[in-house]
Number of protein chains: 2
Amino acid sequence: MSDRMVKINNPSLEKQSNDHFHHLGITKSAIDIPKTYGDVKFICMGGSMTRMKNYAEIFARETGISISNNVSTTDRYVMYKTGPVLWVNHGIGVPSISIIIVELIKLLYYAKAKDVIAIRMGTSGGVGAAAGVVVISNGGMNGELLDKHVQYIVGQKILRPAIFDAEVYQQLYKVALELKIPAQIGKTLCTDDFYEGQARLDGAFCEYTEQQKFSFLNRLHELGVRNIEMEALCFASMFNRGNIKAAIVCVTLLDRLKSDQILLEHGDLDKFEMRVFKVVSTYIKQQLKLC
Amino acid sequence: MSDRMVKINNPSLEKQSNDHFHHLGITKSAIDIPKTYGDVKFICMGGSMTRMKNYAEIFARETGISISNNVSTTDRYVMYKTGPVLWVNHGIGVPSISIIIVELIKLLYYAKAKDVIAIRMGTSGGVGAAAGVVVISNGGMNGELLDKHVQYIVGQKILRPAIFDAEVYQQLYKVALELKIPAQIGKTLCTDDFYEGQARLDGAFCEYTEQQKFSFLNRLHELGVRNIEMEALCFASMFNRGNIKAAIVCVTLLDRLKSDQILLEHGDLDKFEMRVFKVVSTYIKQQLKLC
């Protein structure tokens with residue numbers, strides 16, 4: 001089987017003598033990128049800086065692989081490296097994640113990295129999935145209920161497929177079952193806001209009725225949606241363009257068919273977030289033959 | 001003149017016995033919100049946590065007003081209070097800023113705050129505005145080149161006006177002139193990504209030519225656009241719905257009609273960011289009669 005190299009599609013970049021990564025604060029000429037990042041096989045991402053640092057530290061401890069310092073020099077994103085695994089936060093929403101994905105793809109392209117898999121490790125609202133259930137995405141859906149990531153480029157509307165790799169999400173699901181962690185495979189609604197976009201009744205503005213909310217959520221459920229978050233479309237489409245397989249593993253913090261307010265018992269959030277880590281870290285260790 | 005109270009529009013929220021602000025980590029019943037936040041007159045926001053903390057500390061030092069601890073208990077946003085001025089970061093992009101704006105509007109509504117003005121203090125790419133010029137927005141523009149904030153709510157596409165208050169942006173412009181800080185009033189293109197959405201040639205993907213890039217940027221310039229950032233539409237439309245006047249003051253880090261890579265001299269970024277602070281803090285001190 002031939003190597004799956006990380007790809008870019010930008011003839012201008014090839015002509016550019018140097019490259020500064022605005023949001024990671026890395027300059028191409030300042031480090032030996034192939035030597036430093038050529039071995040990367042997994043990119044683990046999540047919204048929060050603290051959570052990603054925590055995950056990286058636990059992974060390092062569990063595997064005995066050393067952890068790098070935070071290699072990002074800006075305060076927008078953090079990036080840690082434990083051998084062939086990067087741990088990077090992405091903030092909230094598609095615009096925020098789009099920036100760091102572009103910079104990661106450029107970095108791994110310069111690094112000549114190959115056979116890379118990117119996994120988002122997140123939290124989400126369940127749709128007919130109870131708090132604590134891990135949802136593994138088999139497709140993204142946008143606010144118009146289409147499985148497309150929409151971009152506006154030089155005044156044109158561009159639709160891109162939001163594709164997850166079936167082999168990877170099936171493998172992740174199998175790992176969750178082995179670990180006896182409650183898990184479902186399902187579609188993921190990706191919204192541009194947390195309140196109105198997710199039909200919550202607890203925002204500052206709510207111009208729909210409770211009946212309209214539930215009719216919307218039930219429609220999502222019928223379409224196969226099992227959770228709602230804010231990054232899936234871009235995560236799938238951009239990594240797909242970069243020839244990097246993408247998967248999303250999110251734990252649900254509540255079932256939106258039951259409530260809007262996230263009211264977990266003390267310790268539940270940590271416990272739930274660790275379920276995501278266990279599934280993803282076990283999968284990575286299996287793939288890297290570390291266990 | 002009657003008081004301009006902060007408004008919400010959500011009958012369900014009135015019926016809810018308590019309210020947990022998911023991303024600030026504040027619970028309504030746990031603090032006396034009117035006593036703590038009823039005096040707020042200005043919300044100053046910017047993308048970066050570090051920058052907003054820095055701005056808050058300088059403002060406190062200059063005015064002799066004490067600064068609160070960070071009152072957010074999550075690692076997604078920070079919020080500092082110096083008397084009647086809040087300093088809050090918003091992350092990158094419309095989805096990220098939409099969350100914190102909703103929570104701020106709810107907070108100030110519960111606080112019975114009135115006559116509040118929200119000012120975003122940002123960085124941006126200039127369009128025919130050189131690095132270091134402060135652009136004060138008189139309108140937002142989306143990727144379809146319309147002055148509308150687009151939301152998808154229960155499956156419907158909703159367009160909202162992105163309105164800035166003319167009195168406030170004219171006053172801010174006057175302050176910049178008094179301080180001899182280079183400034184322009186202009187429209188602001190608000191994009192959902194930093195690379196393709198802004199027609200950059202230095203991303204991982206670039207399926208347009210240099211000629212298409214410049215034809216797009218020149219078209220923006222003809223339409224009155226003077227800078228590009230990633231939050232203006234939501235900032236204008238949501239605060240407008242909350243009966244809070246909105247303004248955006250962004251310094252440009254480069255002129256996109258000249259280049260894509262941000263290559264500032266050492267010290268320039270700090271100097272440019274302080275221009276935004278000087279304009280906005282002087283304006284606030286004038287309004288609060290602190291000078």
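The values are calculated or read from the model by the stated rules, or taken from the named source; none is laboratory data. Here the structure is a predicted model, which is why all the values come from computation and not from measurement. Here the Cβ positions follow ideal geometry from the backbone for every residue, glycine too, while neighbour counts run over all protein chains shown. Calculation scope for accessible area: heavy atoms of the full protein, side chains included, ligands and nucleic acids excluded. Shrake-Rupley method; radii C 1.70, N 1.55, O 1.52, S 1.80 Å.
Looking at the square roots a ≥ b ≥ c of the eigenvalues of the Cα gyration tensor of the range B:80-192, which shape do they give, rounded for a/c under 1.5, prolate if a/b is larger than b/c, or oblate? Verdict is oblate for the range B:80-192. The angle between the Cα long axis of helix A:232-241 and the longest principal axis of the Cα atoms of chain A comes to about 30 degrees, rounded to the nearest 10.
For chain B, the share of DSSP beta bridges that are antiparallel, to the nearest 5, is 40%.
Accessible surface ranking for A:188, B:63, 1.4 angstrom probe, highest first: B:63, A:188. Please compute the Kirkwood hydrodynamic radius over the protein assembly as shown, one decimal place, Å, based on all pairs of different Cα atoms. It works out to 24.2 Å. Heavy-atom accessible area for residue B:20, with the other protein chains in place and a 1.4 Å probe, reaches approximately 40 Å². Apolar share of the accessible surface for the range A:11-288: 50 percent from carbon plus sulfur atoms, 1.4 Å probe. For chain A, the residue among A:205, A:25, A:146 whose Cα projects farthest onto the positive side of the dipole built from Cβ charges is A:25.
Going by a ≥ b ≥ c, the root eigenvalues of the Cα gyration tensor, does the range B:212-287 fall in the rounded group (a/c under 1.5), the prolate group (a/b larger than b/c) or the oblate group?
On the way: a/c = 2.69, a/b = 1.22, b/c = 2.20.
Oblate shape, in that a/c is at least 1.5 and b/c is the bigger or equal ratio.
Charges were assigned to the Cβ only: +1 to each Lys and Arg, -1 to each Asp and Glu. The resulting dipole of the range A:11-288 about its Cα centre is roughly 820 debye.
Label-to-label distances for residue B:25 across copies, nearest first, come out at 2.2 nm, using points 7 Å from Cα in the beta-carbon direction. Within the range B:11-288, the ratio Rg/Rh, alpha carbon atoms throughout and Rh by Kirkwood, equals 0.97. Rolling a 1.4 Å probe over the protein chains gives residue B:28 an accessible area of about 60 Å².
Please label the shape of the range B:127-217 as rounded, prolate or oblate, based on the square roots a ≥ b ≥ c of the eigenvalues of the alpha-carbon gyration tensor (a/c under 1.5 means rounded; beyond that, a/b larger than b/c means prolate, else oblate).
Details: a/c = 2.99, a/b = 1.23, b/c = 2.44.
Verdict is oblate for the range B:127-217.
Computed from Cα positions, the angle between helix B:49-63 and the longest principal axis of chain B comes to roughly 60 degrees.
What does the helix-only formula give at 222 nm for chain B: each DSSP H stretch with n ≥ 4 adding -39500 (n - 2.57), the total divided by the residues, and the result rounded to the nearest 500 deg cm²/dmol? Spell out each step's value before the answer.
Working: 8 runs with 98 residues, N = 291.
Using -39500 (n - 2.57) per qualifying helix, the result is -10500 deg cm²/dmol.
Inter-copy label distances at residue A:224, shortest first and taken from points set 7 Å along Cα to Cβ: 4.6 nm.
Structural descriptor for chain B: relative contact order 24 percent, calculated from alpha carbon pairs under 8 angstrom and at least 6 residues apart. Other residues with beta-carbon under 13 Å from the beta-carbon of residue B:12 carry, at +1 per Lys or Arg and -1 per Asp or Glu, a net charge of -3.
What does the buried accessible surface come to for B and A, summed over both chains, with the probe at 1.4 Å? Round to 100 Å².
On the way: alone 13820 and 13840 Å², together 22090 Å².
That pair of chains buries around 5600 Å² in total.
In the range A:26-94 the Cα-Cα distances spread across 5 Å bins starting at 0 as 3, 17, 26, 26, 17, 9, 2 percent of all pairs.
Counting heavy atoms of the protein chains alone, residue B:14 has an accessible area of about 110 Å² for a 1.4 Å probe.
Against chain B, whose longest principal axis is taken from its Cα atoms, helix B:94-110 shows a tilt of about 30°.
Would you tell me the mean number of C-beta atoms belonging to other protein chains that fall within 10 Å of each C-beta in B:33-46, as a whole number?
Working: counts 0, 0, 0, 0, 0, 0, 0, 0, 0, 0, 0, 0, 0, 0.
Taking the mean over all residues of the peptide, I get 0.
Take each residue in B:100-110, count the other chain C-beta atoms within 10 Å of its C-beta, and the mean is 3. Pairs over the 22 Å Cα-Cα cut-off, from the set A:7/A:289; B:112/B:148; A:41/A:174; B:106/B:157; A:7/A:245; A:41/A:81: A:7/A:289; B:112/B:148; B:106/B:157. Take each residue in A:4-14, count the other chain C-beta atoms within 10 Å of its C-beta, and the mean is 4. Charging the Cβ of each Asp and Glu at -1 and of each Lys and Arg at +1, and nothing else, the dipole of the protein assembly as shown about its Cα centre rounds to 200 debye.
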